[in-house]
Amino acid sequence: MTETATEPAKKSSLTASRGGAAGDKVFSGLALAAGVVILMVLAFVAIFLVVESLPALWPEVFSDEESIESADTFWQYVWPLMAGTLIASIIAILLATPVAVGIALYISHYAPKSVATPVGYVIDLLAAIPSVVFGAWGMTTLAGGVVPIYKWLHEYLGWIPLFGGDAGNTGRALLTSAIVLAVMILPIITSLCREIFIQTPKLHEEAALALGATRWEMIKMTVFPFARAGIISSIMLGLGRALGETMAVTLVLSPGIFSWSIITSGRNATIPSEIALNFPEAFGMRQSELIAAGLMLFIITLVVNMIARWIVNRHKEFSGAN
């Protein structure tokens, strides 16, 4: 009787294990297929950008137009766009990161639950607002409000190239677009940092407090070391959003002559805004120039993500060695 009773149990467990193995194979195949599709899409995008950019990068070889422009003309055109893109994105990260980390710390370790929950909902809601709304707000409200600040910066810090030039009366400058970008990437960095801070082992926090550390000392000793890699990853995600943002920057910036000053109401366009403004009417060599500018943005984004991944992996290796 005992052997007869145990036989169905053995068969059922064997069948379940076989079914689980089959499910694992199916899931593994789907995950592999998804990874291959992503790599293929990325490869096709890169190939398209390179092929369509060749007439602008090497016009003497790949362009059959009667009036062939030199490659130097393209680089003179794209360098200011690359500079404007990087400057606006870096300023946005510098403005957003401290505020985002502070909000995440407040939600995860300081605020009571009755306050932390609605604040978290507001942050998540901020991430759902369309970029065109941020651009309209920056163009109509923020730009006019920051004009006195820009004039003060020009008066007292005008010897710095970034604050040189006439501040103007419109406020539609590169710094304004950077502030708008900072507000846009704020919920991304905040949400990711909040989730990482919450995952800090409670035993580590309680041990630090038991040794006499204050709450801030506990955060420095336990939360920040645990979340360092995640903070870097969230910052890089925010930077990627800032680098590729189009509509908000397009609405804020006004046409004009390029200037390295971030408070001058000049062109100071970024690559995405330049493509959005000119691509619908572009053809021939002009279209190749805009696609080549997109290729430069693709390379910048790729390099930024590679650097971020290297920093995160290095931190993990350093933590493992310790």
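The table below gives the values:
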{"read-out": "Residue list for the range 193-239, restricted to those being open to solvent by less than 30 Å² (accessible area, probe 1.4 Å), more than 13 Å from ALA104 (Cβ to Cβ) and not in a loop (DSSP other than H, G, I, E, B)", "value": "GLU205, ALA208, MET218, THR222, ALA229, LEU239"}
{"read-out": "Some residue of the range 260-271 being part of a helix (DSSP H, G or I) and modelled with pLDDT of 80 or more", "value": "yes"}
{"read-out": "Within the range 143-164, tally of residues that are hydrophobic (A, V, I, L, M, F, W, C), surrounded by fewer than 21 Cβ atoms within 10 Å (Cβ to Cβ) and either within 27 Å of ILE123 (Cβ to Cβ) or under 14 Å from the mean Cα position of the chain (by Cα) (or both)", "value": "2"}
{"read-out": "Verdict on PHE134 being over 30 Å from PHE226 (Cα atoms), surrounded by 14 or more Cβ atoms within 10 Å (Cβ to Cβ) and at pLDDT 85 or above", "value": "yes"}
{"read-out": "The range 165-181: number of residues that are closer than 17 Å to ALA88 by Cα and open to solvent by 10 Å² or more (accessible area, probe 1.4 Å)", "value": "3"}
{"read-out": "GLY165 being under 30 Å from MET247 (Cβ atoms) and not hydrophobic (A, V, I, L, M, F, W, C)", "value": "yes"}
{"read-out": "Among (1) modelled with pLDDT of 85 or more; (2) surrounded by 14 or more Cβ atoms within 10 Å (Cβ to Cβ); (3) farther than 30 Å from ALA182 by Cβ, the one test that PHE44 misses", "value": "(2)"}
{"read-out": "Residue among LEU192, LEU157 that is of a type outside the set (Phe, Trp, Tyr) and free of Cβ contacts under 8 Å to residues at least 40 places away in the same chain", "value": "LEU157"}
{"read-out": "Pairs with Cβ under 8 Å, 6+ apart, first in the range 200-217 and touching a residue at least 24 places away in the same chain (Cβ under 8 Å), second part of a helix (DSSP H, G or I) and open to solvent by 80 Å² or more (accessible area, probe 1.4 Å)", "value": "THR200/PHE226; PRO201/PHE226; ARG215/TYR110; ARG215/LEU209"}
{"read-out": "Unique residue being open to solvent by less than 70 Å² (accessible area, probe 1.4 Å), modelled with pLDDT of 90 or more and more than 30 Å from ALA282 (Cβ to Cβ) when the list is ALA21, ALA9, ALA16, ALA33", "value": "ALA33"}
{"read-out": "Of the criteria (1) under 30 Å from THR73 (Cα atoms); (2) open to solvent by 30 Å² or more (accessible area, probe 1.4 Å); (3) in a helix (DSSP H, G or I); (4) without any contact (Cβ under 8 Å) to a residue 60 or more places away in the chain, which one PHE283 fails", "value": "(3)"}
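The values are calculated or read from the model by the stated rules, or taken from the named source; none is laboratory data. Keep in mind the model is a prediction, meaning the values are calculated, not measured. Ideal geometry is used to build each Cβ from the backbone, glycine not excepted, and the neighbour counts take in all protein chains shown. Accessible surface areas use protein heavy atoms only, side chains included; no ligands, DNA or RNA. Shrake-Rupley method; radii C 1.70, N 1.55, O 1.52, S 1.80 Å.
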